[in-house]
Amino acid sequence: MEKVRLNKYLASIGIGSRREIDKMVEEKKIMVNGEYPSPGIKVNIKDKISVDGRLIGKTKEKKVYYLLNKPKKVISAVKDDRGRRTVIDFVKTKERVYPIGRLDYDTEGMIILTNDGDLYNKVIHPKGEVYKKYLIQAAGHIKKINLGQLKAGIKLEDGLTLPAKVRFLKEEGSTTWLTVSIREGRNRQVRRMLDAIGHRVISLTRVKIGTLTMGDLEVGKYRHLTKEEVKYLKNV
C-alpha cells in the first residue's frame, strides 16, 4: 500500500496540522513501529503509529462510525490551535474518533468520523472507486466546454486531476448550479477546479460519499452509520 509522509498521513485523519505533528515528532510524542521516527519518514496503515502512547487505528476499543453534516466555519480535525470549533465538538462519544478526510472550513456536508484506522485508505485513496459528490453554486454561467474540462481533468499546480463526474443542474440569476463527483482528496480541490475554469465557488456542500447519503440529516447533526453502510465502505 502506498506510503506518504507521516505528517501528511496523521493530518489527513485529523490528529493535528502538519506543523503540529512535526512538533510532536521533535518532542518525541510519536512513535512508529516502536521507534522515534526521523523527520520525513513515510508510513501507511500497516505501520504501528502511537501518539502520546496511544496506538492509532489499532486499539481494542469498540469501533464506532458516525456521519456528520458539517456546518460551515468548522475545522475537519480533532483539535485546532486557534480555538475554532472542530467536527469532534459535534459528536458525543467516549471513543477517540477522527474524521476520514477533510472538508474545507467554508464547506459543509457529509464527513465520516471513526476510530477505525483501517477504513481510512478505503475511502480516501484515489485508486479506489469511492466518489465524493458535491453540490456547487458557482459565479457566472458555465459553458459546456468548461464542463467538459472538469470531466476530463483540470491541470492544477499539484498536477492533473483525475476525471470527474459532472452534471449541470440550472442557471439561477448570474450563477450556475452543478454537481461534481471526484475520487481524490486534494486540499480545496473542487474550489481550485472551478477557479481554473474561471468560476468562483459561492457555496459548496458534500452530499454523497460512495452510495452513502445524508437523507434529512440537519446541518450540525450526526448519526451512526448503519451496518450495511459500514460493510459497503469496508468492501470498497
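The values are calculated or read from the model by the stated rules, or taken from the named source; none is laboratory data. Since this is a predicted model, take the numbers as computed values, not measurements. All Cβ positions, glycine included, derive from the backbone under ideal geometry; neighbour counts span all protein chains shown. To get the accessible areas, we keep the full protein, side chains included, count just its heavy atoms, and leave off ligands, DNA and RNA. Shrake-Rupley method; radii C 1.70, N 1.55, O 1.52, S 1.80 Å.
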*Could you list all residues from the stretch 92-112 that are assigned to a loop (DSSP other than H, G, I, E, B) and either touching a residue at least 40 places away in the same chain (Cβ under 8 Å) or under 12 Å from the mean Cα position of the chain (by Cα) (or both)?*
ARG96, GLY101, ARG102, LEU103, ASP104, TYR105, ASP106, THR107
*Considering residues of the stretch 221-236 that are within 21 Å of ILE88 (Cβ to Cβ) and among the basic types (Lys, Arg) only, the residue least open to solvent (accessible area, probe 1.4 Å)*: ARG223
*Name the pairs: first residue in the stretch 23-40 and of a type in the set (Val, Ile, Thr), second residue loosely packed, with under 12 Cβ neighbours inside 10 Å and at pLDDT below 95, Cβ to Cβ under 7 Å, at least 6 apart or on different chains?*
VAL25/PRO39
_Residue among GLY153, GLY109, GLY101, GLY117 that is of a type outside the set (Ser, Thr, Tyr), touching a Gly at 6+ places or on another chain (Cβ under 9 Å) and within 22 Å of VAL207 (Cα to Cα)_ = GLY101
*Can you name the residue in the stretch 173-217 that is acidic (Asp, Glu) and farther than 20 Å from VAL236 by Cβ and is also surrounded by the fewest Cβ atoms within 10 Å (Cβ to Cβ) among such residues?*
ASP216
*State whether one or more residues within the stretch 151-162 are surrounded by fewer than 21 Cβ atoms within 10 Å (Cβ to Cβ) and among the polar types (S, T, N, Q).*
no
_Please go through the stretch 182-236 and give me each residue that is under 23 Å from LYS165 (Cβ atoms) and among the charged types (D, E, K, R), ordered by number._
ARG183, GLU184, ARG186, ARG188, ARG191, ARG192, ASP195, ARG200, ARG206, LYS208, GLU229
*What pairs can you find where one residue is in the stretch 133-145 and at pLDDT 95 or above and among the hydrophobic types (A, V, I, L, M, F, W, C), the other is buried (at least 17 other Cβ atoms within 10 Å of the Cβ) and not in a strand (DSSP E or B), and their Cβ atoms are less than 6 Å apart, with a gap of 6+ or different chains?*
ALA138/LEU194; ALA138/HIS199; ALA139/HIS199; ILE142/HIS199
*Hey, any hits in the stretch 163-170 for a residue that's small (Gly, Ala, Ser), surrounded by 15 or more Cβ atoms within 10 Å (Cβ to Cβ), under 24 Å from ASN69 (Cβ atoms) and modelled with pLDDT of 95 or more?*
yes
*asked:* As an exercise: evaluate THR114 against (1) open to solvent by less than 70 Å² (accessible area, probe 1.4 Å); (2) out of contact with any Ser or Thr (no Cβ under 9 Å at 6 or more places or on another chain); (3) at pLDDT 95 or above; (4) of a type in the set (Ser, Thr, Tyr) and give the number of the one condition it does not meet.
replied: (3)
*Quick one: GLU20 ticks every box in (1) closer than 20 Å to GLY220 by Cα; (2) modelled with pLDDT under 85 except a single one, so which number is it?*
(1)
